[in-house]
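To start, the structure under review is shown below, and the notes come after it.
The values are calculated or read from the model by the stated rules, or taken from the named source; none is laboratory data. Every value quoted in this text rests on a predicted model; they were computed, and no experiment measured them. Because the Cβ atoms are built from the backbone with ideal geometry, glycine has one as well, and the counts that use them run over all protein chains shown.
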Protein chains: 2
Amino acid sequence: MSRIGVLGGMGPSATVDFMEKIIQLTPATRDQEHLPVIVANLPHVPDRSSAILGTGPDPLGALLAGIDVLNDIGVGVIAIPCNSSHHWYAQMVEHSRAPVIHIAQSCVAAIATTPGERPVRVAVLATRGALASGFYQQALRERGIDFLVPDATNGQDHVDACIRAVKGGDVQAGAAAFELALEALSATGATVVIMGCTELPIAAKAANAAGHGTLMLIDSSLELARATVAFALDKGWNKPTWVS
Amino acid sequence: MSRIGVLGGMGPSATVDFMEKIIQLTPATRDQEHLPVIVANLPHVPDRSSAILGTGPDPLGALLAGIDVLNDIGVGVIAIPCNSSHHWYAQMVEHSRAPVIHIAQSCVAAIATTPGERPVRVAVLATRGALASGFYQQALRERGIDFLVPDATNGQDHVDACIRAVKGGDVQAGAAAFELALEALSATGATVVIMGCTELPIAAKAANAAGHGTLMLIDSSLELARATVAFALDKGWNKPTWVS
């Protein structure tokens, strides 16, 4: 069971980005020092955001089938680099033998709330479905962190366009939309931006970094990777057990 | 069985690069049009090149265990983005229910041999183990293609350094070594270079493209991805079967 399980394909590029982060976060100078990872890249899972909004088919059956694939193969922990799918987190956890790391909990835990510094005001960029589900808002409320979500038209439209472009393979269009989404936050007093959809960091990487100003960007995919690698290194999964 | 299986982790970055190529080669504008892929990223497999050269432990047991993981999960074809592991191709094929696509056969098939054009002379860049195994040379001989391998010191040393650097996470050092490996080919009359180790394309991407001159670079990882995607699209695996 000494392997990481990744329920991926939502979308495929976000899964590749997540795998790359796992590799970069693992201290290794040769193949054999890396972490074993089983990835179930299952892009046919119905769109999570549409389902939450009641405009598309339910993905729960497909999500649980993916959880089964990973458990059957014997993974010791599961990471899901798709924020919106965490609407069904409780059902997936109940269905899984292996623990499932919560992407939003990992992400919110990363926000510095040191007293005495400039007050933190978090903008949550995510799909409309994830925002309607409300798990980011709940995690932030539980930690007493002030937050806002983008304006439903000017703001969220750019987030939607960004996610759609990256899923469609047009990262440059995604980057342009991401910059517009950040610009739309300028009057809100936001100091921290949660990239709460795993397509957003891909767009952010291609966007004009100088344009972010003093906004601190928190990458949900990176924070999930950090939590996952920490879990696996703590268990010693980077050390081959079957090699004599 | 309508899923691609990837036996990966040799090395992990090469596997991520291969997955990215699968995605880019798939005609898709949204998640649900992509191909399902199960990746067994198992970096603890002992070093393939050392084993072929008789200086390290045998990886065959680990390779077959990886083949089992993918067959147990129900994949319809297996791709292995590691050239040197193809030394054990016959044993893996015999052990696997799913067919295994041969990376070197895919790669050699991509070399244009149109009559009337400038004579093709192929340089094979690969690990010392893969060259000692000889499967690239055999595939080239079978098609009557003229080839050479780098000089064991000036030439192969740079290839070795390049692969080691990429596996160690230092892509820039890998790129510099890759450029030296190409330079060492300048007096050989090579017209085509097979990047017959899946770390080499990662270095090449970071290297000075202008420095390649008129050398045509063939990327073993890309050719394996092309063959794999063609196989899967032909079977219609990009069309979800379980969605009503």
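Evaluating A:Tyr136 against the criteria (1) more than 22 Å from A:Gly8 (Cα to Cα); (2) at pLDDT 95 or above; (3) of a type outside the set (Lys, Arg) leaves one unmet condition, (1). When every residue of the range A:85-95 is checked against the conditions, none turns out to be outside the structural domain of A:Phe147 (by TED's automatic domain parsing) and more than 21 Å from A:Pro46 (Cα to Cα). Could you say whether any residue in the range B:137-148 is more than 26 Å from B:Ala51 (Cα to Cα) and in contact with a Lys or Arg (Cβ under 7 Å, 6 or more places away or on another chain)? Scanning the range B:137-148, I find at least one residue that is more than 26 Å from B:Ala51 (Cα to Cα) and in contact with a Lys or Arg (Cβ under 7 Å, 6 or more places away or on another chain), so the answer is yes.
Among the residues of the range A:1-13, those that are in contact with a Lys or Arg (Cβ under 9 Å, 6 or more places away or on another chain) and within 7 Å of another protein chain (Cβ to nearest Cβ) comprise A:Met10, A:Gly11, A:Pro12, A:Ser13. When we screen B:Gly66, B:Gly11 for residues that are touching a residue at least 24 places away in the same chain (Cβ under 8 Å), small (Gly, Ala, Ser) and out of contact with any Leu (no Cβ under 6 Å at 6 or more places or on another chain), the only hit is B:Gly11.
Given the structure, is B:Ala152 of a type outside the set (Phe, Trp, Tyr), more than 30 Å from A:Arg48 (Cβ to Cβ), away from chain A (no Cβ under 14 Å) and touching a Gly at 6+ places or on another chain (Cβ under 7 Å)? No; evaluated as a whole, the condition is false for this residue. It is to be established whether one or more residues within the range A:170-179 are buried (at least 23 other Cβ atoms within 10 Å of the Cβ) and either β-branched (Val, Ile, Thr) or within 14 Å of chain B (Cβ to nearest Cβ) (or both). Yes, some residue in the range A:170-179 is buried (at least 23 other Cβ atoms within 10 Å of the Cβ) and either β-branched (Val, Ile, Thr) or within 14 Å of chain B (Cβ to nearest Cβ) (or both).
Only one entry in B:Pro46, B:Pro36 is in contact (Cβ under 8 Å) with a residue 12 or more places away in the chain, assigned by TED's automatic domain parsing to the domain that holds B:Gly76 and within 21 Å of A:Val75 (Cβ to Cβ), namely B:Pro36.
Quick grid of which residues meet (1) in the same structural domain as A:Glu20 (by TED's automatic domain parsing); (2) over 16 Å from A:Ile194 (Cβ atoms); (3) of a type in the set (Ser, Thr, Tyr):
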position	(1), (2), (3)
A:Gly74	yes, yes, no
A:Val124	no, no, no
A:Gly134	no, no, no
A:Asp151	no, yes, no
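Regarding B:Asp72, is this residue of a type in the set (Asp, Glu) and within 18 Å of A:Pro36 (Cβ to Cβ)? Taking the combined requirement at face value, the residue satisfies it.
Residue-level analysis places B:Ile111 among those that are surrounded by fewer than 24 Cβ atoms within 10 Å (Cβ to Cβ) and either without any contact (Cβ under 8 Å) to a residue 40 or more places away in the chain or closer than 27 Å to B:Ala161 by Cβ (or both). In the set B:Val16, B:Val37, only one residue is of a type in the set (A, V, I, L, M, F, W, C), within 16 Å of the chain's Cα centre (by Cα) and facing another protein chain (nearest Cβ under 8 Å); that residue is B:Val16. Scanning the range A:137-168 for residues that are assigned to a helix (DSSP H, G or I) and within 24 Å of B:Asp31 (Cβ to Cβ) gives A:Gln156, A:Asp157, A:His158, A:Val159, A:Asp160, A:Ala161, A:Cys162, A:Ile163, A:Arg164, A:Ala165, A:Val166, A:Lys167. Of all residues in the range B:45-61, those satisfying the criterion of being buried (at least 22 other Cβ atoms within 10 Å of the Cβ) and either within 8 Å of chain A (Cβ to nearest Cβ) or out of contact with any Lys or Arg (no Cβ under 7 Å at 6 or more places or on another chain) (or both) are B:Val45, B:Arg48, B:Ile52. The single condition among (1) β-branched (Val, Ile, Thr); (2) surrounded by fewer than 22 Cβ atoms within 10 Å (Cβ to Cβ); (3) over 28 Å from A:Val171 (Cβ atoms) that B:Ile78 does not meet is (2). Restricting attention to the range A:1-42 and to residues that are of a type in the set (A, V, I, L, M) and assigned to a loop (DSSP other than H, G, I, E, B), the residue that is surrounded by the fewest Cβ atoms within 10 Å (Cβ to Cβ) turns out to be A:Met1.
Within the range A:169-197, being in a loop (DSSP other than H, G, I, E, B) and polar (S, T, N, Q) holds for A:Ser186, A:Thr188, A:Thr191. Checked against the criterion of being in contact with a Lys or Arg (Cβ under 6 Å, 6 or more places away or on another chain), within 7 Å of chain A (Cβ to nearest Cβ) and charged (D, E, K, R), the range B:19-27 has no qualifying residue.
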